[in-house]
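J.: Dumping the structure here so I can ask a few things about it.
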Amino acid sequence: MIQQQIKIERLAANPLIAPGDVQPSFPDWEVLGVFNAGVAQYGDEVILLLRVAERPRQTDPGRVLVPVLNAERSGDDAEEPIMNIVAVDKENSGLDFSDPRVIRDRKGATIYLTSISHLRVARSRDGVRFTVDEGPTVLPEGPLERWGIEDPRVTRIGDRYHIAYSAVSDRGVAVGWMTTEDFASFTREGLILAPTNKDVAIFPEAIDGKYYMLHRPVPDGIGEPEIWLAESPDLRHWGNHRFLMGLRKGKWDGARIGAGCFPIKTEAGWLILYHGADQSHRYCMGAALLDLQRPDRVLARMEEPFIVPEADYETSGFFHSVIFACGAFVKENQVLMYYGASDDSVACAAVDLPQLMSALQQTEWKG
Ligand code: MAN
């Protein structure tokens with residue numbers, strides 16, 4: 001198996017950040033998970049832009065207390081709560097509570113998330129020990145983020161960091177975009193993709209004057225959740241959408257795939273680390289290589305994932321058997337990949353880059 005040739009070192013300190021390391025945003029709330037963090041190198045620091053999922057403490061045995069942003073609140077009214085709490089009757093036979101992440105109706109449609117996510121900065125000098133901000137760095141805002149903001153991917157272009165994230169509401173999951181130069185103040189740039197779309201990873205430089213991103217539409221009916229490519233003259237207007245990489249039915253990436261970390265430039269091509277899930281919702285990370293000048297050309301794709309959930313913190317947790325990476329960087333021949341483990345905590349694995357590249361280059365691309 002290809003993945004056996006690739007040395008993967010899970011950091012001994014894993015999980016690096018667990019829910020108990022993060023203060024909830026409000027009194028009487030609890031943090032359910034801290035995971036799927038965007039990653040940036042900023043000066044001599046490693047910054048993680050954490051996804052923090054939280055909810056009110058569940059004090060009512062008969063009802064699930066669901067948090068929803070009070071999107072109608074006017075910014076200067078201190079009396080108005082930031083969050084509304086909806087109490088959902090557990091005995092309601094028309095509802096399905098079996099997935100810990102969501103509440104569904106009888107037709108299978110999600111009517112609520114069980115937690116709401118915001119983004120929070122954690123900083124480190126060694127990439128291992130992180131100091132997490134005490135409060136939220138970026139809270140959801142407005143009706144299209146009523147259910148939260150999730151899974152940020154950070155790409156540095158020049159001096160600006162571009163953050164693509166999932167903006168979740170009862171209107172669907174769209175892709176939001178914000179920028180920052182210092183991880184202290186953030187500029188919201190609006191939505192770049194309408195629902196349902198997620199898993200956007202922006203390339204770190206323009207190619208022949210055009211910016212590129214990977215994205216993952218979620219078609220309903222015809223089509224599958226697969227990876228697409230789009231281009232833009234200005235990072236704001238995206239077009240020329242092309243299908244890039246599909247599912248491999250019956251395999252580890254047979255149910256859905258999506259970009260993980262921003263594409264890493266190597267001599268052999270753009271290295272893509274992407275997540276794939278199978279029918280049982282096990283999430284692993286795999287690798288592919290795109291042509292440097294023509295990122296619509298897939299040069300190679302590994303048959304097997306290079307990392308699968310194996311450690312305790314990966315196989316058990318809020319939503320078990322999930323390795324979901326939103327960021328990585330290269331340091332001394334290793335890819336340091338930070339990932340959400342079981343929608344619960346943040347972990348890091350060092351992946352041997354030369355071995356990963358040689359495994360990829362041995363892969364015959366079969367489309
Ligand atoms: C989806 C997203 C991720 C999450 C996985 C596993 O792909 O909501 O945020 O980590 O599912 O639950």
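The values are calculated or read from the model by the stated rules, or taken from the named source; none is laboratory data. Small disclaimer: the values here were computed from a predicted structure and weren't measured. Cβ atoms come from the backbone with ideal geometry, glycine included; neighbour counts cover every protein chain shown. For accessibility, only protein heavy atoms count, side chains too; no ligands or nucleic acids. Shrake-Rupley method; radii C 1.70, N 1.55, O 1.52, S 1.80 Å.
J.: Just to check your reading of the model, which residue among LEU235, LEU229, LEU271 is touching a helix residue (DSSP H, G or I) at 6+ places or on another chain (Cβ under 9 Å) and more than 16 Å from the ligand (Cβ to nearest atom)?
T.: Sole residue among the options that is touching a helix residue (DSSP H, G or I) at 6+ places or on another chain (Cβ under 9 Å) and more than 16 Å from the ligand (Cβ to nearest atom): LEU271.
J.: Residues that are under 20 Å from VAL138 (Cβ atoms): list the strands (runs of 3 or more DSSP E) wholly contained in the range 186-234 that include at least 2 such residues.
T.: Per the criteria, 186-193, 197-202.
J.: Please indicate, with yes or no, whether at least one residue in the range 257-274 is among the aliphatic types (A, V, I, L, M), more than 24 Å from GLU314 (Cα to Cα) and open to solvent by 30 Å² or more (accessible area, probe 1.4 Å).
T.: Looking for residues that are among the aliphatic types (A, V, I, L, M), more than 24 Å from GLU314 (Cα to Cα) and open to solvent by 30 Å² or more (accessible area, probe 1.4 Å), one finds at least one in the range 257-274, hence yes.
J.: Something else: Starting from the range 339-356, keep only residues that are touching a residue at least 60 places away in the same chain (Cβ under 8 Å), then list their pairs with residues that are of a type in the set (Gly, Ala, Ser) and surrounded by fewer than 22 Cβ atoms within 10 Å (Cβ to Cβ) whose Cβ atoms are within a distance under 6 Å, requiring at least 6 positions of separation or different chains.
T.: The qualifying pairs are SER345/ALA18.
J.: How about the range 196-210: which of its residues are open to solvent by 50 Å² or more (accessible area, probe 1.4 Å) and either within 21 Å of the chain's Cα centre (by Cα) or within 16 Å of the ligand (Cβ to nearest atom) (or both)?
T.: THR196, LYS198, GLU205
J.: Ok, one more. Could you tell me whether any residue of the range 106-121 is part of a loop (DSSP other than H, G, I, E, B), surrounded by 12 or more Cβ atoms within 10 Å (Cβ to Cβ) and touching a Ser or Thr at 6+ places or on another chain (Cβ under 7 Å)? Quick ask: steps written out before the conclusion?
T.: Initially, the range 106-121 is screened for residues part of a loop (DSSP other than H, G, I, E, B), giving 106-109, 114-115.
Cutting the leftovers down to surrounded by 12 or more Cβ atoms within 10 Å (Cβ to Cβ) gives us 114-115.
Now drop any that are not touching a Ser or Thr at 6+ places or on another chain (Cβ under 7 Å), which leaves none.
No.
J.: OK, next. Please go through the range 75-96 and give me each residue that is over 20 Å from GLY135 (Cα atoms) and either surrounded by fewer than 12 Cβ atoms within 10 Å (Cβ to Cβ) or not aliphatic (A, V, I, L, M) (or both), ordered by number.
T.: ASP89, LYS90, GLU91, ASN92, SER93, GLY94, ASP96
J.: Next question, about the same structure. Taking the conditions exactly as written (of a type in the set (Ser, Thr, Tyr), more than 26 Å from TYR212 (Cα to Cα) and more than 16 Å from the ligand (Cβ to nearest atom)), does THR179 satisfy them or not?
T.: On the way: of a type in the set (Ser, Thr, Tyr): yes; more than 26 Å from TYR212 (Cα to Cα): no; more than 16 Å from the ligand (Cβ to nearest atom): yes.
No: the conditions fail for THR179.
Yes/no per residue for (1) within 16 Å of the ligand (Cβ to nearest atom); (2) farther than 21 Å from ARG57 by Cβ; (3) surrounded by fewer than 16 Cβ atoms within 10 Å (Cβ to Cβ); (4) among the basic types (Lys, Arg):
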residue	(1), (2), (3), (4)
SER98	yes, yes, yes, no
VAL102	yes, no, no, no
ARG125	no, yes, yes, yes
THR131	no, yes, yes, no
THR137	no, yes, no, no
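J.: Within the range 147-160, how many residues turn out to be open to solvent by 10 Å² or more (accessible area, probe 1.4 Å) and either of a type in the set (A, V, I, L, M, F, W, C) or touching a residue at least 12 places away in the same chain (Cβ under 8 Å) (or both)?
T.: Taking the range 147-160 and keeping what is open to solvent by 10 Å² or more (accessible area, probe 1.4 Å), we get 147, 150-151, 156-160.
Going one step further and asking which of them are either of a type in the set (A, V, I, L, M, F, W, C) or touching a residue at least 12 places away in the same chain (Cβ under 8 Å) (or both), we end up with 147, 150-151, 156-157, 159-160.
Here the count works out to 7.
J.: State whether one or more residues within the range 230-238 are under 28 Å from THR110 (Cα atoms), open to solvent by 30 Å² or more (accessible area, probe 1.4 Å), over 19 Å from the mean Cα position of the chain (by Cα) and free of Cβ contacts under 8 Å to residues at least 60 places away in the same chain.
T.: No, there is no match, as no residue in the range 230-238 is under 28 Å from THR110 (Cα atoms), open to solvent by 30 Å² or more (accessible area, probe 1.4 Å), over 19 Å from the mean Cα position of the chain (by Cα) and free of Cβ contacts under 8 Å to residues at least 60 places away in the same chain.
J.: In this structure, does ARG242 turn out to be of a type in the set (D, E, K, R), in contact with a Gly (Cβ under 6 Å, 6 or more places away or on another chain) and either in a strand (DSSP E or B) or surrounded by fewer than 19 Cβ atoms within 10 Å (Cβ to Cβ) (or both)?
T.: For ARG242, the condition - of a type in the set (D, E, K, R), in contact with a Gly (Cβ under 6 Å, 6 or more places away or on another chain) and either in a strand (DSSP E or B) or surrounded by fewer than 19 Cβ atoms within 10 Å (Cβ to Cβ) (or both) - is not met.
J.: I've got another one for you. Which condition does TYR339 not pass, out of (1) within 16 Å of the ligand (Cβ to nearest atom); (2) open to solvent by less than 10 Å² (accessible area, probe 1.4 Å); (3) aromatic (Phe, Trp, Tyr); (4) closer than 19 Å to MET213 by Cβ, if it passes all the others?
T.: Result: TYR339 passes all but (4).
J.: Right, something else. Counting only residues that are in a strand (DSSP E or B), within 16 Å of the ligand (Cβ to nearest atom), open to solvent by less than 10 Å² (accessible area, probe 1.4 Å) and touching a residue at least 40 places away in the same chain (Cβ under 8 Å), how many does the range 275-311 have? Quick ask: steps written out before the conclusion?
T.: Filtering the range 275-311 for residues in a strand (DSSP E or B) gives 275-277, 283-290, 298-301, 307.
Next, only the ones that are within 16 Å of the ligand (Cβ to nearest atom) stay: 275-277, 283-286, 307.
Within this subset, residues satisfying the condition of being open to solvent by less than 10 Å² (accessible area, probe 1.4 Å) are 275-277, 284-286, 307.
Checking the rest, the ones that are also touching a residue at least 40 places away in the same chain (Cβ under 8 Å) come to 275, 285, 307.
Residues that pass the stated criteria total 3.
J.: OK, next. Scan the range 18-57 residue by residue and report those that are without any contact (Cβ under 8 Å) to a residue 24 or more places away in the chain and touching a helix residue (DSSP H, G or I) at 6+ places or on another chain (Cβ under 8 Å).
T.: Across the range 18-57, the qualifying residue is only VAL31.
J.: Tell me which strands (runs of 3 or more DSSP E) are completely within the range 45-97 and hold 2 or more residues being in contact with a Gly (Cβ under 6 Å, 6 or more places away or on another chain), or say none if there are none.
T.: By residue number, 45-56.
J.: Then there is this: Might you let me know whether the range 346-367 holds any residue that is within 11 Å of the ligand (Cβ to nearest atom), outside any helix (DSSP H, G or I) and in contact with a Gly (Cβ under 7 Å, 6 or more places away or on another chain)?
T.: Among the residues of the range 346-367, not one is within 11 Å of the ligand (Cβ to nearest atom), outside any helix (DSSP H, G or I) and in contact with a Gly (Cβ under 7 Å, 6 or more places away or on another chain), which makes the answer no.
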